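Q: The structure is given below, and queries will be raised subsequently.
The values are calculated or read from the model by the stated rules, or taken from the named source; none is laboratory data. What you are looking at is a predicted structure, and each value in this text was computed from that prediction instead of being measured. Cβ atoms come from the backbone with ideal geometry, glycine included; neighbour counts cover every protein chain shown. Surface accessibility is based on the protein's heavy atoms, side chains included, excluding ligands, DNA and RNA. Shrake-Rupley method; radii C 1.70, N 1.55, O 1.52, S 1.80 Å.
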Amino acid sequence: MRTAYGVETVRAAERELMARLPEGTLMQRAAAGLATACAQVLGRVYGSRVVLLVGSGDNGGDALYAGARLARRGAGVTAVLLSPGRAHAGGLAALRRAGGAVAAAGAGEALIERADLVVDGIVGIGGKGGLRAEAVPLAEAAARARAAVVAVDLPSGVDADTGEVRGAALRADVTVTFGTHKPGLLIDPAREYAGSVRLVDIGLELPAGAEVEALQHADVAALLPEPAGESDKYRRGVVGVAAGSARYPGAAVLAVAGALRGGAGAVRYVGPAGDAVIARFPETLVSDAGPKRAGRVQAWVVGPGAGDDAGTVAEVLAADVPVLVDADGLRLADAGVVRARTAPTLMTPHAGEAAALLGVSREEVEGARLSAVRELAGRYGAAVLLKGSTTLVAGAGGRGVVRVNPTGTAWLATAGSGDVLSGLAGSLLAAGLPAVDAASVGAYLHGLAGRFAAEGAPVGAGDVAEAVPRAWRGVRGD
């Protein structure tokens, strides 16, 4: 499990550790890890040109001490001081002793143009808002230059706690973060600025409850439903799919395609696209009598391609089993009914749908994904999977840890991909996984299947569904 902690938690852990260590030890640990990463990025340290962008905080101190280590290995290191009177005194002295040079911010752009490596030590994890005006030209110069950019702890100008970017920020090729990941390194839009993230262990002792976590292969493998010797199709769970319409029969087909590969023993389809479903998947149990008369299910998926069929959505929400609500179902579901449900509800909006439910713009949701998923989960009392460049999963009520999905590819932004995910996660619900686990595992497999299906080229939603078994086997190591 990859975990991320907020600024206050990290600061508290740092204070506790510093109280037990000789003064300066923690910064030296961070600087050693940073210097090692910089050397790896450079490949050849001796003779290279390194520019340190140094702010007034400990972040700047980390950069200065790391620069001193690189200077002792033969690099030409120059520190550009954005606040000369407030630069870390010990780090500055160490750099000068190692033969490094110091320059004012005004000389920074020219130095960056000639550099092989730029180290971003402008703002630390406590920074809020975008870069200050005097730092913006340096960030722009770094973006234009051929030099690799390494950020110290996180890129300057991004919010460590939320992943928001409210103003100008520096884009890094590599971010070297200390002690633990920060939420902003895992969540877009800030994640896009971080590049490749490398974690340096500095000995922090952190509490059990993280703010954000990301499942890894082993975590997902432990959650996958596994049939036992006495299992039959009903004991493995039956998922009902109420989807599709005369206008959108393909949504039903794709949702069923995902459901058939999600671990449940059988799929019941209810809706007007029965002929299309049975033609593609003859193993599906098809009914046109409505959800109440379809037969017993352990979970429902409702909404993909439903058009304006509010009656079916209401009928599914009245069932005393877990329900996944997607697409048109999100628009048609009564918020009061969702909040009043006693069985689990999982909502799976993309940013546009989430924006409509929250009454804000799509841009606001995309710029503040973490707060959006928590607010939506709180308003509806439901687990929420917010799809997007980083898919987030929040538990009912929006409190506690939020999961971020680490798999996927931009090629998954294709028609019908979300329908496949809905069926897949709904099937996991029927197989017995709690809502947050079903959403997280479904998103993980779906993203991995998207990578396998695309392999760097355009891909259709049906291809993604067909690649789910390969993703499943890959997670299990089969």
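Q: Once amide H atoms are built 1.01 Å from N in the peptide plane, which residues 5 or more positions from Tyr269, or in another chain, come under 5 Å H to H?
A: The answer is Val241, Leu285, Val286, Ser287.
Q: Given +1 on the Cβ of Lys and Arg, -1 on the Cβ of Asp and Glu, and no further charges, what dipole in debye does segment 233-299 carry about its Cα centre, rounded to the nearest 20? Let's see the in-between values first.
A: On the way: 10 positive and 3 negative charges, 61 e Å.
Using only the charged Cβ atoms, the result is roughly 300 debye.
Q: Can you run phi through the Karplus equation (6.51, -1.76, 1.60; θ = phi - 60°) for segment 419-432 and list ³J(HN,Hα) in whole Hz, with x for Gly and Pro?
A: 5, 4, 4, 4, x, 5, 5, x, 5, 5, 4, 5, 6, x
Q: I would also like to ask the following. Mind running the shape call on segment 74-118? Use the C-alpha gyration tensor, a ≥ b ≥ c as the square roots of the eigenvalues: rounded below 1.5 for a/c, prolate if a/b tops b/c, oblate otherwise. Mind showing how you got there, number by number?
A: On the way: a/c = 2.66, a/b = 1.19, b/c = 2.23.
Since a/c reaches 1.5 but b/c is at least a/b, the shape of segment 74-118 is classed as oblate.
Q: How much length would be gained if the chain were fully extended between Glu192 and Lys128, taking 0.36 nm per residue of separation minus their Cα-Cα distance, in nm to one decimal? Spell out each step's value before the answer.
A: Details: separation 64, 0.36 × 64 = 23.04 nm, distance 1.75 nm.
Taking 0.36 nm per residue and subtracting the Cα distance, the gain is 21.3 nm.
Q: What does the convex hull of the alpha-carbon atoms of segment 9-57 project to on average, in nm²?
A: Numbers: hull surface 19.1 nm².
For segment 9-57, the mean projected area of the Cα convex hull comes to 4.8 nm².
Q: What's the magnitude of the charge dipole for segment 10-136 around its Cα centre, counting Lys and Arg as +1 and Asp and Glu as -1 at the beta-carbon? Answer in Debye, nearest 20. Mind dumping the intermediate values first?
A: Working: 15 positive and 10 negative charges, 64 e Å.
The calculated dipole for segment 10-136 is roughly 300 debye.
Q: So between Arg362 and Gln216, what do we pick up on full extension, going 0.36 nm a residue minus the alpha carbon distance?
A: Details: separation 146, 0.36 × 146 = 52.56 nm, distance 2.93 nm.
Between Arg362 and Gln216, full extension yields an extra 49.6 nm.
Q: Still on this structure, please answer the following. Once the dipole of segment 306-410 is set up with Lys and Arg at +1 and Asp and Glu at -1 on Cβ about the Cα centre, which of Gly388, Leu370, Val325 lies farthest towards its positive end?
A: Leu370
Q: Roughly how far apart, in whole Å, are the Cα centres of segment 406-478 and segment 259-335?
A: 19 Å
Q: If you put +1 on each Lys and Arg Cβ and -1 on each Asp and Glu Cβ, how big is the dipole of the chain around its Cα centre, in Debye rounded to 20? Please report the intermediate quantities before stating the final value.
A: Numbers: 47 positive and 48 negative charges, 201 e Å.
It works out to roughly 960 debye.
Q: Right, here's the next one. Roughly how many whole Å is it from the C-alpha centroid of segment 340-368 to that of segment 185-231?
A: Their Cα centres are 23 Å away from one another.
Q: Using modelled amide H (1.01 Å from N, peptide plane; none on Pro or chain starts), what sits under 5 Å from the amide H of Leu324, excluding residues fewer than 5 places away?
A: Trp300, Val301, Val302, Leu346
Q: Ok, one more. Probe radius 1.4 Å, ligands and nucleic acids ignored: give me the carbon and sulfur share of the accessible area of segment 54-117 as a rounded percent. Intermediate results must be reported in sequence, preceding the final value.
A: Values: 1180 of 2580 Å².
Result for segment 54-117: 46 percent of the exposed heavy-atom area is carbon or sulfur.
Q: Could you derive backbone 3J(HN,Hα) for segment 308-318 from the dihedral phi with the Karplus parameters 6.51, -1.76 and 1.60 (θ = phi - 60°), listing whole Hz in sequence and x where the residue is Gly or Pro?
A: Taking θ as phi minus 60°, the curve returns 10, 7, 5, x, 5, 4, 5, 5, 5, 5, 6 Hz for segment 308-318.
Q: Work out which GluC sites (Glu not before Pro) in the chain are exposed loop sites (DSSP not H, G, I, E or B, at most 14 other Cβ within 10 Å) and give the longest gap free of them. Intermediate values should be presented prior to the final figure.
A: Working: sites that count: Glu23, Glu205, Glu230, Glu283, Glu455.
That gives 24-204 as the longest site-free run.
Q: Under the classification rounded if a/c is under 1.5, otherwise prolate if a/b is larger than b/c and oblate if not, where does segment 337-441 fall, given a ≥ b ≥ c as square roots of the Cα gyration tensor eigenvalues? Walk me through the numbers before you get to the answer.
A: Values: a/c = 1.56, a/b = 1.06, b/c = 1.47.
Taking the square roots of the gyration eigenvalues as a ≥ b ≥ c, segment 337-441 is oblate.
Q: Please report the carbon-and-sulfur percent of the accessible area for segment 172-270; probe 1.4 Å, protein heavy atoms only, DNA, RNA and ligands left out. Display every interim value, and only then the final one.
A: Working: 1860 of 3810 Å².
On segment 172-270, the fraction of accessible area on carbon and sulfur atoms equals 49 percent.
Q: Then there is this: Residues of the chain: accessible area per residue at 1.4 Å, in Å²?
A: Numbers: 18940 Å² over 478 residues.
Ligands and nucleic acids excluded, the figure is 40 Å² per residue.
Q: So what is the orientation-averaged projected area of segment 1-135, using the convex hull of its C-alpha atoms, in nm²? Write out the running numbers ahead of the final one.
A: On the way: hull surface 37.2 nm².
For segment 1-135, averaging the hull's shadow over all directions gives 9.3 nm².
Q: Provide the three semi-axes, in whole Å and in decreasing order, of the ellipsoid equivalent to the chain as defined by the square roots of 5 times the Cα gyration tensor eigenvalues. Before the final figure, lay out the partial values.
A: On the way: eigenvalues 489, 80, 80 Å².
Semi-axis lengths for the chain are 49, 20, 20 Å.
Q: Let me ask another. Among DSSP beta bridges lying fully in the chain, give the percent that are antiparallel, nearest 5.
A: Numbers: 8 of 58 bridges.
Of all bridge pairs located within the chain, approximately 15 percent are antiparallel.
Q: Sticking with the crude label model, points 7 Å out along Cα→Cβ, report the distance from Arg146 to Ala410 in nm, one decimal please.
A: 2.5 nm
Q: Another question, if that's okay. Tally up the carbon and sulfur contribution to the accessible surface of segment 333-435 as a whole percent, 1.4 Å probe, everything protein left in place.
A: Details: 1910 of 3590 Å².
Solvent-exposed carbon and sulfur of segment 333-435 make up 53 percent of the total.
Q: Something else about it: Given the rule -39500 (n - 2.57) for each run of at least 4 DSSP H residues, summed and divided by the residues of the chain, what is its mean residue ellipticity at 222 nm, to the nearest 500 deg cm²/dmol?
A: Numbers: 19 runs with 195 residues, N = 478.
So the calculated ellipticity at 222 nm is -12000 deg cm²/dmol.
Q: Check cross-link reach from Lys233 to the aspartates and glutamates: straight Cα distance under 20 Å, and skip same-chain residues fewer than eight apart.
A: Output for Lys233: Glu283.
Q: Continuing with this model, one more query. Give the distance, in whole Å, between the Cα centre of segment 90-108 and the Cα centre of segment 47-61.
A: Between the Cα centres of segment 90-108 and segment 47-61 lies a distance of 8 Å.
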